[in-house]
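A short write-up of the structure that comes next.
The values are calculated or read from the model by the stated rules, or taken from the named source; none is laboratory data. Every value quoted in this text rests on a predicted model; they were computed, and no experiment measured them. Note that each Cβ is placed from the backbone with ideal geometry, even for glycine, and that neighbours are counted across all protein chains shown. With ligands, DNA and RNA removed, areas are computed over all heavy atoms of the protein, side chains included. Shrake-Rupley method; radii C 1.70, N 1.55, O 1.52, S 1.80 Å.
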Amino acid sequence: MPSYDLIVIGTGPGGYVCAIRAAQLGMKVAVVEKEKTFGGTCLNIGCIPSKAMLHTSELFDQAGHAFGKMGIKVGGPVLDLAAMLRFKDEGVDGNVKGVAFLFRKNKIEAHSGIGRIVAPGKVEVKATRGPSGILEAKAIVIATGSDVARLKGIVIDEKRIVSSTGALSLEKVPRHLLVVGAGVIGLELGSVWRRLGAQVTVVEFLDRILPGIDAEVARQFQRMLEKQGITFKLASKVATIDSSGPVLKAIVEPAAGGAAVGVDADVALIAIGRVPYTEGLGVEEIGLKLDNRGRIPVDGRFATSVPGIYAIGDVIAGPMLAHKAEDEGVAAAEIIAGKSGHVNYDVIPNVIYTSPEVASVGKTEEELRGANIAYNVGKFPFTANGRAKANQQTDGFVKILADAKTDQVLGVHIVGSDAGNMIAEAAIAMEFGAAAEDIARTCHAHPTLPEAVKEAALAVDKRAIHM
Ligand SMILES: Cc1cc2nc3c(=O)[nH]c(=O)nc-3n(C[C@H](O)[C@H](O)[C@H](O)COP(=O)(O)OP(=O)(O)OC[C@H]3O[C@@H](n4cnc5c(N)ncnc54)[C@H](O)[C@@H]3O)c2cc1C
């Protein structure tokens, strides 16, 4: 029976990073993966393919609507969707092969099949090909991630009623795409197909988009998406979708009850969130109780209630984000190796890769008000930033929330071109406990978009220069 220091079940960003860090620390490590390729949701059907489609569809949109104004005459761009999907698949391929390379480099043994924990320290691998067997280890990390959340009574066929997975591979641009859910995935993929020519309607149960994001940011961002042609039906729910005819017929009801309306669509994207995935893992049989949302409860050291079994990533509580899973993977490996791994959950950036992008880290205004924390706000619009004006990409703003007494930065919220890259500066500042004054006194290169971050920090003390 092969024996290891650590077996990691699942090779998404949580699992593969945990395995590599453990190998770096001298452990003999095995991973178990049920899919054909490594990298989990993120690399195969999540972050990577969606960002490839956002990149290419944005360039397509710019070629059609922005190049001419810049003096670049290319004629009307013609969409070759098959080639665009191939470009996306090549990006995925490069990434998943990268993980296979890193496993070899770090001498991590990969086992292909469904991993089931039969007892503490024992994992049965039901091979998809080849013989099944039992592996032994001193410690086990569960990194089995998440799956698409489904709507009762609506069957996802990944052709006409799709999850994000199907929406990343549609063979034709739908005339009308109905998106159920105004969260990150719905808005990113809705943007992709809008730019490629679909009419897009987003139905959201709540009376706002992007729950959890700063309300002012969400309001302004909604207006920007509406200008791009996306229609929103807020405080509404999709009750049924009839797929018996050539056109999908959805019934949309007000969330609070009242008269329903019919909406016809060619494709419906169900993007109401994701749920932890523990199918076939055998957790309940070994006495591991899931919480009321199907997550594996862990303590501050990622240990489950069963000795020697740890869990990280989407399958435990916290934001379902790749970088959160990665950081937990590193911390768990270090803890198992007897070191002091740690994740700072107060500083986990969140990015929506639309155009413009939305990025945030730390607390929202609503959260600070709810916690009775007095704060000052510094805001700076990209209309007053030199680089944004030069590029004519002036939509959006930077907002910094700083403690009213200490000036410590408590939250940073950015809507704007390249916001996803700009938020790293805010995360580092917050990780070091910076005050708004520290950001304001840091020299920022000119002309750059991050100068707007510095100006927002100055604005906390009402001394922005360019406003
Ligand atoms: C469309 C989309 C876009 C996204 N975009 C972003 C983004 O831009 N940024 C971001 O931070 N996050 C994004 N996410 C979320 C991100 O993908 C997840 O947070 C991340 O993948 C979670 O990592 P994980 O390691 O916990 O699990 P996963 O990536 O889900 O990996 C789990 C792995 O475990 C395997 N597995 C499960 N059970 C077993 C078993 N019993 N035996 C063997 N193998 C098993 C699965 O096959 C899978 O490979 C996106 C998600 C989607 C769907």
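Side notes on the structure shown:
- A Förster radius of 56 Å, combined with the Cβ-Cβ distance separating Ile72 from Glu35, puts the computed FRET efficiency at roughly 0.85.
- The loop-placed chymotrypsin sites (Phe, Trp or Tyr not before Pro) in segment 308-363, going by DSSP, that have at most 15 neighbouring Cβ atoms within 10 Å of their Cβ come out as Tyr345.
- Label positions at Ile465 and Phe205, each projected 7 Å from the Cα along the C-beta direction, are separated by 4.9 nm.
- Under Karplus coefficients 6.51, -1.76 and 1.60, residue-wise ³J(HN,Hα) of segment 235-247 in Hz, glycine/proline x: 6, 9, 9, 7, 7, 8, 10, 8, 10, 6, x, x, 10
- Loop-located trypsin sites (Lys or Arg not before Pro) in segment 364-467 whose Cβ has at most 16 other Cβ within 10 Å (DSSP): Lys405, Arg441, Lys462, Arg463
- Protection proxy ranking of 255-264, 132-141, 1-10 - average other beta-carbon atoms within 10 Å, highest first: 1-10, 132-141, 255-264
- Close amide-amide hydrogen proximity is noted between Arg175 and Asp266, each under 5 Å apart and 5 or more residues distant or on a separate chain (H modeled in the peptide plane; Pro and chain starts excluded).
- Where the alpha-carbon atoms of the chain are placed on the principal axes, they occupy 67, 62, 49 Å, in descending order.
- If R0 is 56 Å, the Cβ-Cβ spacing of Val155 and Ala100 corresponds to a FRET efficiency of close to 0.95.
- Amide H contacts under 5 Å for Tyr310: Ile140, Val141, Ile142, Thr304, restricted to partners 5 or more places along the chain or on a different chain, H placed in the peptide plane at 1.01 Å from N.
- Hits among aspartates and glutamates - C-alpha to C-alpha of Lys36 under 13 Å, sequence gap 8 or more where chains match: Asp93
- Difference of contour (0.36 nm per residue) and Cα-Cα distance, Ile428 to Asp242: 62.1 nm
- Per residue, the chain exposes 46 Å² of solvent-accessible protein surface, assessed with a 1.4 angstrom probe and all protein chains in place.
- Highest-first arrangement of 298-305, 158-165, where packing means the average Cβ count within 10 Å: 158-165, 298-305
- Residues whose amide H lies under 5 Å from that of Tyr375, counting only those 5 or more places away or on a different chain, are Ala404; hydrogens are built 1.01 Å from N in the peptide plane.
- Mean-position separation - Cα centroids, segment 94-162 and segment 281-328, in angstrom: 15
- C-alpha center-to-center spacing [segment 425-447, segment 336-401] in angstrom: 12
- Sorting Lys126, Lys227, Lys152 by solvent-accessible area of protein heavy atoms yields Lys152, Lys227, Lys126, largest first, with a 1.4 Å probe.
- Between segment 173-233 and segment 1-42, the Cα center-to-center distance that results, in Å: 36
- Taking θ as phi - 60° and the Karplus parameters 6.51, -1.76 and 1.60, the scalar couplings of segment 259-268 work out to 6, 8, 10, x, 10, 8, 8, 8, 9, 10 Hz in sequence order, x denoting glycine and proline.
- By the rule of a second cysteine Cβ within less than 4.7 angstrom, the chain holds isolated cysteines at Cys18, Cys443.
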